[in-house]
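Just below is one structure, and these are the notes that go with it.
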Amino acid sequence: MRPAPGALPAVLSAAGFGLLLWLGVSVAVLPHGTGMAALRAPQMWALLLALGLLCAAAGSALAGARPRAARELLRAATPWQRRRNLLVAIAVVLALATGVLLTPGQGGAGRVLALSFAGMSLAGAAFGAVTADAVADAMQGAPATLPPLAVPARLLAALLTGLALMFALLSGLLAVGGGGFRMLTILLVLGVLAAATQWLDGRHARRDGRAAAGPAGRPAWWPWLLLAGVPGLALATASLGVGGITGWLWVVAIASFAGSLAAWPARPPAPVHGAGRAGQA
């Protein structure tokens with residue numbers, strides 16, 4: 001089963017911004033004393049991985065678009081595309097600023113305050129970028145209406161994949177001990193919520209004609225298994241002592257990405273002429 005057109009850059013972008021969101025929360029909430037210096041390495045790797053995912057999303061979107069569509073993407077023809085681009089730019093600038101503040105050698109009380117402000121601002125900008133991207137993508141068709149679960153489905157996919165990547169980095173670089181099972185439990189809860197929301201969004205899309213059903217008119221079941229079943233399997237298997245926590249966290253992260261990609265509803269292409277988009281807000 002091939003992913004829907006536009007699914008790969010959207011899911012890559014959601015994963016990158018989801019990771020930036022959790023990075024911002026960790027930077028803002030966790031203390032910044034000398035005892036927490038070990039967190040700097042996972043946070044820096046999370047920053048680099050998130051920026052890499054965003055670069056891959058941008059490259060995939062431009063490479064897969066026709067020349068005219070690529071120009072429209074860069075020009076941001078609709079208000080929500082302009083809002084998305086602005087929030088993306090703000091999030092990237094805040095991510096780079098956070099990386100500078102996390103650099104060893106930077107100290108002082110002012111740095112702690114700046115890290116807290118940058119972290120919360122980064123989390124908010126990443127949240128806004130995912131939301132605006134979901135609205136801009138969902139309102140490309142005709143008529144330009146926002147499906148009720150388009151934004152929650154994108155946000156939960158971003159939160160799940162981003163948190164799984166953050167947990168995998170933390171577990172691989174730090175000794176998390178029994179915290180690994182709590183990580184898998186949290187991912188299981190998020191996975192169930194993401195699977196249920198994606199299923200309901202896909203059902204709504206098929207009912208409204210925005211997406212095609214699978215064989216025999218029914219949607220495929222394996223995307224929901226990847227989103228919710230793999231975290232459950234990882235938690236149960238790790239509890240029996242089979243495999244390491246870090247390996248299972250990476251498996252959950254990959255399965256979350258693949259499940260979001262496979263569950264993406266195939267929406268109709270955007271109108272060719274700008275007149276069809278003029279009424280969007």
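The values are calculated or read from the model by the stated rules, or taken from the named source; none is laboratory data. Just so we're clear, the structure is a prediction, and the values are computed from it rather than from any experiment. Neighbour counts run over all protein chains shown; Cβ positions are idealised from the backbone, glycine included. Calculation scope for accessible area: heavy atoms of the full protein, side chains included, ligands and nucleic acids excluded. Shrake-Rupley method; radii C 1.70, N 1.55, O 1.52, S 1.80 Å.
One table, with the values for the structure above:
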quantity: Residue count, the range 1-56 (criterion: under 18 Å from the mean Cα position of the chain (by Cα) and modelled with pLDDT under 85); calculated: 5
quantity: Checking Leu188 against (1) closer than 26 Å to Gly202 by Cβ; (2) at pLDDT below 95, the condition it does not meet; calculated: (2)
quantity: Residue within the range 158-181 that is of a type in the set (Val, Ile, Thr), assigned to a helix (DSSP H, G or I), buried (at least 16 other Cβ atoms within 10 Å of the Cβ) and at pLDDT 80 or above present; calculated: yes
quantity: Identity of the residue in the range 207-246, open to solvent by 40 Å² or more (accessible area, probe 1.4 Å), modelled with pLDDT under 85 and of a type in the set (A, V, I, L, M), that ends up farthest from Val189 (Cα to Cα); calculated: Ala216
